[in-house]
1. Filter region 176-220 down to the residues that are touching a Pro at 6+ places or on another chain (Cβ under 9 Å), surrounded by fewer than 20 Cβ atoms within 10 Å (Cβ to Cβ) and among the small types (Gly, Ala, Ser) and list them by number.
2. I'm trying to understand the selection: among the residues of region 55-84, which are closer than 30 Å to Ser32 by Cα, in contact (Cβ under 8 Å) with a residue 12 or more places away in the chain and part of a helix (DSSP H, G or I)?
3. Take Leu52 and tell me if it is in a strand (DSSP E or B), on the phi < 0 side of the Ramachandran plot and either surrounded by fewer than 19 Cβ atoms within 10 Å (Cβ to Cβ) or aliphatic (A, V, I, L, M) (or both).
4. Has region 201-220 got any residue that is more than 29 Å from Phe78 (Cβ to Cβ) and either more than 16 Å from ligand 1 (Cβ to nearest atom) or at pLDDT 95 or above (or both)?
5. Only one of (1) surrounded by fewer than 16 Cβ atoms within 10 Å (Cβ to Cβ); (2) in contact with a Leu (Cβ under 9 Å, 6 or more places away or on another chain); (3) over 26 Å from Trp232 (Cβ atoms) fails for Arg24. Which number is that?
6. Identify all residues within region 85-125 that are within 13 Å of ligand 1 (Cβ to nearest atom), among the β-branched types (Val, Ile, Thr) and either outside any loop (DSSP other than H, G, I, E, B) or at pLDDT 95 or above (or both); write none if there are none.
7. Could you check His320 against (1) at pLDDT below 95; (2) away from ligand 1 (no atom under 14 Å from the Cβ) and say which number it fails?
8. I'm checking my understanding of the structure. Among residues of region 235-274 that are under 18 Å from Val219 (Cβ atoms) and of a type in the set (Asp, Glu), which one is farthest from ligand 2 (Cβ to nearest atom)?
Amino acid sequence: MPTSECFARVPPFPDQVPTVELQRVELSKLLSGDEAESEALFEACTGLGFFLLDLRGCAEGQGLLKETEAGFDVSREFYALSDEEKSKFPLLPSNLGYKPIGGTKIEDGRPDRCEIYSLPTDDLVGLAPPIRNPPPFEKSRPLLTSCAKHLHSVATTILTHLSAHLGLPPRTLSSMHALTERSPSNLRFLHMPPQRASAAQTSLMGHTDNGSVTVLFNVVGGLQVLDGTNGWRYVRPEPGHAVINLGDSMVQLTGGVVRSNMHRVVPAPGAQSESPRFSIAYVLKPPYACRMERLKGEGIPRGEEEEEEKEKVGTYEEFHAKKSKGIREGKNLVGSRGGKKTEKKVDVRVNEVMA
Ligand SMILES: O=C(O)CCC(=O)C(=O)O
Ligand SMILES: [Fe+2]
């Protein structure tokens with residue numbers, strides 16, 4: 001999450017709410033090849049599937065914090081536009097573009113309370129003909145392109161460490177996600193307006209991400225992770241850190257070694273509930289053409305179901321389309337195995353924590 005100056009502008013996250021204990025990993029140490037840090041990363045990826053990445057200890061991280069901070073200003077400018085202006089940029093295939101409030105459903109079928117603008121990475125880095133984005137984004141193209149490239153590099157650094165622990169040649173996962181092939185990866189700007197306490201509801205439904213790695217920045221709380229039998233727990237926003245989580249495609253490619261955990265956004269707790277909530281996420285996804293077959297590495301299990309899987313497996317484009325359709329229809333939401341086929345299904349409606 002951005003620097004402490006950003007945090008000073010909103011009331012503090014309260015101490016009295018149940019939070020999840022996330023592993024902290026330092027980007028500077030990952031970049032210098034620190035083995036203990038790499039081990040901690042792998043533990044978090046195979047455990048909860050979420051961790052905090054400290055960006056403060058190196059120039060790469062500090063630069064990214066500054067860029068995302070500027071990104072929050074771009075987001076505020078966009079969300080200050082009228083609904084009429086925003087709706088001139090409707091959702092494109094692959095869920096890119098503008099999703100208005102109520103565009104998806106929450107667990108109980110009610111409309112969500114979250115609006116999202118997703119900019120395709122392909123467009124930002126020149127892999128695809130540019131789409132027409134709203135003026136606040138268009139006039140900040142150089143910033144957003146630079147930000148997307150730096151976020152992409154953070155996400156692939158994480159994938160390089162994962163490759164090592166999975167017994168894959170070091171560049172297997174990062175070259176699979178290179179910025180040379182078209183994919184539905186995107187830089188997304190989310191906005192959740194404050195809700196009336198008497199009618200407060202989930203803002204963004206419980207879901208697992210369907211990409212590979214998500215790098216998330218927020219200042220106001222509200223993100224919750226499903227923490228095993230503890231149920232939903234808030235993630236406390238921390239200055240100078242990004243929240244990292246793995247998505248379904250990594251579960252598929254690793255035969256279930258890593259976890260794509262359920263998470264959702266509810267109204268911010270305590271005094272923060274009056275503040276509008278902005279977040280920025282970089283969602284790294286495999287290329288459309290990538291075959292979603294289990295990779296071969298010493299750390300990746302082989303099993304009977306693999307043969308069965310091979311017959312069903314297709315491209316990431318197909319994998320992605322199936323999940324996106326489910327989300328639009330409000331399906332696939334009340335149960336999760338945390339991305340692991342071996343896990344017991346958990347009802348995501350358990351232990352509602354709505355402060
Ligand atoms: O806004 C957040 O904190 C989470 C957003 C999220 O889960 C997503 O964009 O997939
Ligand atoms: Fe998500």
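The values are calculated or read from the model by the stated rules, or taken from the named source; none is laboratory data. Keep in mind it's a predicted model, so treat the numbers as computed, not measured. Because the Cβ atoms are built from the backbone with ideal geometry, glycine has one as well, and the counts that use them run over all protein chains shown.
1. Ala178, Ala197, Ala200
2. Glu60, Gly61, Gly63, Leu64, Leu65, Lys66, Glu67, Thr68, Glu69, Ala70, Gly71, Phe72
3. Criteria met by Leu52.
4. There is no residue in region 201-220 that is more than 29 Å from Phe78 (Cβ to Cβ) and either more than 16 Å from ligand 1 (Cβ to nearest atom) or at pLDDT 95 or above (or both).
5. Condition (3) is where Arg24 drops out.
6. Ile116, the sole residue that qualifies.
7. So His320 meets the others, but not (2).
8. Out of the qualifying residues, it is Glu274.
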